[in-house]
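All remarks here apply to the structure that follows.
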Amino acid sequence: MAAVAETLDTVAAVTEGGYKWGFSTDIEMDMAPKGLNEDIVRLISSRKNEPAWLLEWRLKAFALWKKLDEPNWAKIHHAPIDYQDLHYYAAPKKKQGPKSLDEVDPELLKMYEKLGIPLKEHAILAGVEPVEGERPPIAIDAVFDSVSVATTFKDTLAKSGVIFCPISEAVHSHPELVRQYLGSVVPAGDNYFAALNSAVFSDGSFVFIPKGVRCPMELSTYFRINARNTGQFERTLIIVEDGGHVSYLEGCTAPQRDENQLHAAVVELVALTDATIKYSTVQNWYPGDADGKGGIYNFVTKRGACRGARSKISWTQVETGSAITWKYPSCVLIGDGSVGEFYSVAVTTNRQQADTGTKMIHIGKNTKSTIVSKGISAGRSDNTYRGLVRIMKNADGARNFTQCDSLLIGDQCGAHTVPYIESRNPTAKTEHEATTSKIAEDQLFYCRQRGLSQEDAVGLIVNGFCKDVLKELPMEFAVEAQKLLAVSLEGSVG
Amino acid sequence: MSQTTLQASAQGFLARYAGLKSRFPGDNAQRAAGADAFARHGLPGPREEAWRYTALRPLAETAFHEPVILLSDTSAQLTALALPDLPRLVFIDGRFSAPLSRLPDGISITTGAPAFGHIADNGEKLVALNTMLAEDGAAIDIAPGIDAGTILLVSLGADAHGHPVSFHPRHAIRLGQGARLTLAEINSGTGVYFNNPVITAEIAEDATLVHLREQREAPGAFHLSTVFAKVAARGTYDSFSLALGGRLARVQVHAHLAGENAMAHLNAAQLLGATQHSDFTTTVRHDAPSTASRQTVKNVLTGHAKGVFQGKIEVARIAQKTDGYQMNQTLLLSRDAEIDSKPQLEIYADDVKCSHGCTVGELDADQLFYLRSRGVPEADARNILIRAFLSEALDPIAHDAMRDHMESAIAAWWDKAPTP
Amino acid sequence: MLEINALRAGITDKEILKGIDLIVPTGEVHAIMGPNGSGKSTLSYILSGRDGYDVTGGTAMFDGHDLLEMDPEERAAAGLFLAFQYPVELPGVNNANFLRTALNAQRRARGEEELDAVKFLKLARAEIKRLSMADDMLKRNVNVGFSGGEKKRNEVLQMAILRPKLAILDETDSGLDIDALKIVADGVNALRSPDFSALVITHYQRLLDYIVPDRVHVLAGGRIIRSGGPELAHELEANGYAAVVAEAA
C-alpha cells in the first residue's frame, strides 16, 4: 500500500479513539442557571464573597462586552455562539476553596490521578525522577471547571515570600495587589472575549514573586473543564517584582463531549525591573471528533508587560487541542532593554482550526523580541500563524527576529502565515522568515531504511521540526509535549 | 477616518456618473454594472483588512472633476520625460492623444473607448470606480507567435483645468499563444489629479508579457492602479513597478497563474520622501501545478514617508509543486519614516515550496565606514549602498533603455530628496 | 544470503531492470559496476523497498525472507542496510537520538533487548573512535550542514553501529577524496566476516582497490551482462564500459 493511504488510515484509527483525556467525572456540581445578564455577574461575585470594587469592575466589563462585537478577522469559521445557552458558573459542591488537600473530594483527587496530575504532595515527591536528585518539585494549582480545587506546596512557597493561590483567594488575602494589577495589562474592554472574561471570570491562579526572589520551584496550573454546557473563564495574574524569577506551567484537558464548549481565559503578566517570567503552556483541550463534532472553542487573551528595564517575558506554547484556537500571547516591551519571546508549536488535525501567534510591541530602547513558530497541519484542518511586530518611534536599537515554519501533512489541509511588520524607527532591525514544506518522501524512506516504523519516522521528523520550540520547555513538559505531538500526528504522513 | 468623508467622496463620483452616463463611450452594460457595484460598496475604508495601512482620506477630501479634452500643447511636458525612442501610446488626462503617439507597425491597437477586457474584477472597489468612469484606453492584441517588441504607455496629468481632475483609463492587453510584448508604462504629470488606471492582461500559452512601470506622478497627485494578469500554461507575466511620485499611491497587482508551469515576477522598488505614502499590494494565485512566482520588493524611505507592502501568495489545492518566493526589504533613512509590511502565505497544497522574508533596518554602519575609510565621501557612500540595496529588484530588468530611464529617474529623485 | 531471480522492475511506463539474476552468498563482497543509467541505483532502491518502483516480475530472497513483500523497516530489521548515494538531511533530529531510535527499533523487531542511553553512547563512541571520526558527529543533526564527505562517513558510522548482515553501498565513493575513501573502505572491511556480505555499487574501479570484492558484475541496460573476479574491474577501467557492452551484445 502506498505510504499516503496507509498513513491516512492510521490517522483515522488514531483520531477516532485518540483523545485519551476524554473521560468525564461524576461530581456533584453547584451551577448557575444558563444565560448571561447582570444578575449572573452579581451571583458569581456574591458566591465568591467579593468586595464591592470587584463587583463594580465586573459590571463595567459586562457593559463594555455588550457594546463590543465578536472579532471576525481570524481565519476561523464556526456557527454563531449562543452566549445565553451557557452556564457561567460551575463548581464542585462543597465548601469553597478547600483549605487543605484532605478536604478535597476524593473523586476529584482520583480524576487528577487519572490525568497524571499528582495533587498529593508526597505523591509529587515520590514521582520526582531520582536521576539528578536535585530537581525541585512542582507546585500545582488545579482548576476544575470554574474554581480552584487545590493548591499544593503553598506553605513551602510562603517561606520564601512567594504567593501562589487561587485568584479568588488573593482577592481576599492580598486585595491591594489584585486591585493594583488586575486589568492593568489586559483592560476589561481590550477585546470581546477579554471583556466577557472580566465580567464572569470565576477563578484562576495568582502568583506574586517579591523583590529579588527566585521562585524555588516550578509553579503549575492544571485546567480541567468537566461540566456540560459550561464556559470556563479563568483569570491568571502573575506579578514579579524587581529581580524576581518564576517559571510557570499550564496544562489543560477536557472530556469528550458532542457540543462545543467555550473557554475564554485572560492571562496577565507583569515583570518589573530585571524580572523574568517564563510561561509555558501545553494546551490539549478536547479537539472534537474526526468530523468536527464537539471540541473546545478556545478564545484566549494572554499578554505580558515588561514594565521594568531588562525584564524578560518568555511564552512557550504547544497547542494540540481545541476545535478552535484563537490566541496571541503578547509582550509589551516598555522597559529599556526588555526582552520578549514567543515559541510556539501548533498542531491541527481533522477539522481543527487554529489562528494563533503573537504581538511584540517595542516601546523601550534596545528592546528585543524573538518569535519562533512551527505550525503543523494535517487532516482537513486550517492552521494560521498571525503575528504583529510593531516598533514604536522611540524604540531605538530595537531588534526582532521571526521564524515561521509550516509543515503540511496531506493535501486536504491549509497552512497560512500572516505577519504584520510595522516599523517606525530607523535604528531598529526586524527580520522575518517563513517557509512551508512537507515531510519529504526521501526523509521518511531514509528513516525506515534504518529500521524506524512509519509512525516513529513521522514522530522523529516532526519533533525535529519543532525542536527549537520544545527545547524552551521545562524538562518534564518537554517530554510530555513530545509524546503529545506523536499521539496527535501518529501516522498522518505520506 | 470618518466614514462620511469616504461616503461623500463616493457620492461625488456617482453624481458625476449620473450626469455623464449617456455620453460615455464603450460597453454601457459593463459600465452600469460597475456603477451599481460602486454605489453599493463605495470606496475602501480603513476597517477593511486589505486597507488597514492605506487610508484614502486625503483622496476623499479632494473633489475631482471630469477632465475636458485639452486643446493646449502638452508636448513640452512629454519632452521633459526624455522618453526612449520607441513606439508609444500617449494619454493626456486619461484620453488618447493621436498627435503625441506613435503607433507600432503591424500591431492591432484600438483606442477611443475603454478596453474592459475579460478578467473578473474580484470585487475590487477601485476597479468598480474605474469601470464606472472609464473614458478611454488601449486594447492591444498581439497575434500568436508575434514578438511585438516594446510599446510605451504614457500617462500625463496636464493640470490645465483650474481644479483637480480624475481619470480612469482602462487598458486590455491580450497575447496570443507564444506571443511576446514589453509594455513600458510611464505615469507622470503636474498639479493635483487622481489617476486610476486598470489594466487587464491575458497571457496565452507560452506567451510572455514584460510589464515595466514607472510611477513618477506629480507631488500632489493620487495614483491608485490595478493590474489583473491571467497567465496560461508556460506563460510568463514579468513585472517591475517603480514608485517615486505622488502624494498617495497604491499599486495593486493580481496575478493568476492558471496553467501548468505559468510564472509571475512581481518586483518593485518604492523610493519615498517628504510626506509621501505609497503602497504596493500583490496577490499571486497559484491555480495549477508547477507554477512559480518570484517577488522582490525594496523600499527606501526618508523624510516623513510611509511605505506599505502587502503581498499574498495563495496556493490552491490543485497547485502541487508550486514554487513561491517573496522578499520584502526596507531601508529606513529617517527618524520619521515608517514601513508597514504584511507578507502572507495561504497554502492548501502539501507538495509546495513557499517562503517569504522581510527585513527592516537602516544602512549598515560597517559598510558605510568601510567605504568612507577607502576615501568615498559619506553622501556618495550612502548612494552606493542604496543603489546596491536596490540592485536585486532593478538588475533583472532586461530592457536596457527602460532600465536606464528608471535609473535616471531614481538618480533625479535622489538628488532632490532631503539628506537624512 | 541474497538471491535475486529474474527481477524485472521500473517506474511507471518504463522498465529499468530487465531480468536480474544475482546471488551474493553470506560472507562475500560483490561489486556491481555499470555505466550511468544502467539501473544500479534502481536495484538498490528496489532491494531496500523505496516507494515509486513497480516490480513486474522475479523474486528477491534474503536469508529466507521474501524481500519484495516486506516494508522498508522490516528489511532493515532483517539486516539489510543501504548506504545512500545522497544521504538525506533531517533538520532538528540529533544523530545520536536517530541512531539509538533506529537501533532499538531493529532490536525490538528482532526480539532483542533495547539499549539504554548510556550503553548506546558507549557503543557509538567506540565506533567513532575506531573509524577516526570527529566526536561531534553524534551531536549534530542528521546530515544537516554536512559536507559530501561527512555525509558518506556518517553512512559508514551508521552501518558500523547497526551491524547489518548485508550492506548495499550505492556509489558511496562518489564525491569522496582519497582520505575519506579510505575511511569508508576501512569501515566496510572492518565488518567483513563470515556473517556479513556486501553489495558495492560503483561506477569506478577506484573504491575496489580498497574494498577488494570476491566477485564483480557488470550491469548494463538493466541486465547483468558479465560476471568475474576482481580482475574484471581492472579490465573495465582499462577498456571502458563500451567495449564490454559491445562484446556482450
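The values are calculated or read from the model by the stated rules, or taken from the named source; none is laboratory data. As the structure is a computational prediction, the values presented were derived from the model and not from experiment. Ideal geometry is used to build each Cβ from the backbone, glycine not excepted, and the neighbour counts take in all protein chains shown. When the accessible area is computed, the model is the full protein with side chains, heavy atoms only, and any ligands, DNA or RNA have been set aside. Shrake-Rupley method; radii C 1.70, N 1.55, O 1.52, S 1.80 Å.
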Exercise for the section: Just need the relative contact order of segment B:67-363 here, percent rounded to a whole number, with Cα pairs under 8 Å and 6+ apart. Expected result: 11
Completion exercise
Residues other than A:Val185 with Cβ under 11 Å of its Cβ, Lys/Arg counted +1 and Asp/Glu -1, net out at +1
Handout entry: Chains B and A, summed buried accessible surface - 1.4 Å probe, Å², nearest 100
Key = 2900
Fill in the blank from the handout: One checks the Cα atoms of the protein assembly as shown and finds Rg and Dmax, in Å, of 34.3, 103
Exercise for the section: Once you've got the GNM for chain C with C-alpha springs shorter than 10 Å, pick whichever of C:Phe98, C:Phe84, C:Phe62 has the biggest mean-square fluctuation. Expected result: C:Phe98
Handout entry: Helix-only CD estimate at 222 nm, as mean residue ellipticity for chain B, using -39500 (n - 2.57) per DSSP H run (n ≥ 4)
Key = -7000 deg cm²/dmol
Completion exercise
Of all DSSP beta bridges with both partners in segment B:67-363, the antiparallel percent, nearest 5, is 5
Exercise for the section: Check the straight Cα-Cα distances from A:Lys67 and name the aspartates and glutamates below 13 Å, setting aside those fewer than 8 residues away within the same chain. Expected result: A:Asp190
Practice task
Using only alpha carbon pairs under 8 Å that are at least six residues apart, calculate the relative contact order of segment C:2-248 and give it in whole percent.
Solution key: 28
Problem - Inter-chain Cβ neighbour average for residues A:435-443, partner chain, 10 Å - result: 6
Fill in the blank from the handout: Net charge near B:Ser290 (other residues with Cβ under 13 Å of its Cβ; Lys, Arg +1; Asp, Glu -1) is -1
Handout entry: Under 17 Å from A:Lys278, Cα to Cα: lysines that are on another chain or at least 8 residues apart
Key = A:Lys211, A:Lys302, A:Lys312, A:Lys359, A:Lys368, A:Lys471
Handout entry: segment B:164-262: radius of gyration and largest Cα-Cα distance (Dmax), Å
Key = 14.5, 46
Handout entry: Residue among B:Tyr370, B:Tyr237, B:Tyr193 with the largest mean-square fluctuation in a Gaussian network model of chain B, springs linking Cα atoms under 10 Å
Key = B:Tyr370
Completion exercise
For B:Ser391, the net charge from surrounding residues (Cβ-Cβ under 13 Å; K, R +1; D, E -1) works out to 0
Handout entry: C/A buried area, accessible surface, summed, 1.4 Å probe, Å²
Key = 2100
Completion exercise
For chain C, the percent of accessible surface on carbon and sulfur atoms (probe 1.4 angstrom, ligands and nucleic acids excluded) is 49
Problem - Ranking by accessible area, most exposed first, for B:Ser391, A:Ser280 with a 1.4 Å probe - result: B:Ser391, A:Ser280
Completion exercise
Between B:Gly311 and residues 5 or more places away or on another chain, the pairs with built amide H atoms under 5 Å apart involve B:Thr282, B:Lys342, B:Gln344
Fill in the blank from the handout: The answer for the longest stretch of chain B without any exposed GluC sites (Glu not before Pro) (DSSP loop, at most 12 further Cβ atoms within 10 Å) is B:62-420
Completion exercise
Of all DSSP beta bridges with both partners in segment C:2-248, the antiparallel percent, nearest 5, is 55
Practice task
Express as a percent, rounded to the nearest 5, the fraction of DSSP beta bridges in the protein assembly as shown (both residues included) that run antiparallel.
Solution key: 15
Handout entry: Per-residue [θ]222 nm for chain C (sum of -39500 (n - 2.57) over DSSP H runs n ≥ 4, rounded to 500)
Key = -11500 deg cm²/dmol
Fill in the blank from the handout: Per residue, accessible area of chain B with a 1.4 Å probe, heavy atoms of protein chains only, in Å², comes to 37
Practice task
Hand me the tally of lysine pairs in segment C:105-242: alpha carbons under 21 angstrom apart, and the pair either on different chains or 8 or more positions apart.
Solution key: 12
Fill in the blank from the handout: Per-residue average of other protein chain Cβ atoms inside 10 Å, peptide C:92-98 -> 5
Exercise for the section: Would you mind checking the radius of gyration and Dmax of segment B:67-363 based on alpha-carbon positions, in Å? Expected result: 18.8, 59
Practice task
Take a quick pass over segment B:67-363 and tell me how many lysine pairs come in under 17 angstrom between Cα atoms, counting only ones 8 or more apart or on separate chains.
Solution key: 8
Handout entry: Residue range of chain C that is longest and free of GluC sites (Glu not before Pro) which are both DSSP loop and sparsely packed (at most 14 other C-beta within 10 Å)
Key = C:115-249
Practice task
Specify the residue with the greatest mean-square fluctuation among B:Ala60, B:Ala268, B:Ala292, computed from a Gaussian network of chain B linking alpha-carbon atoms under 10 Å apart.
Solution key: B:Ala60
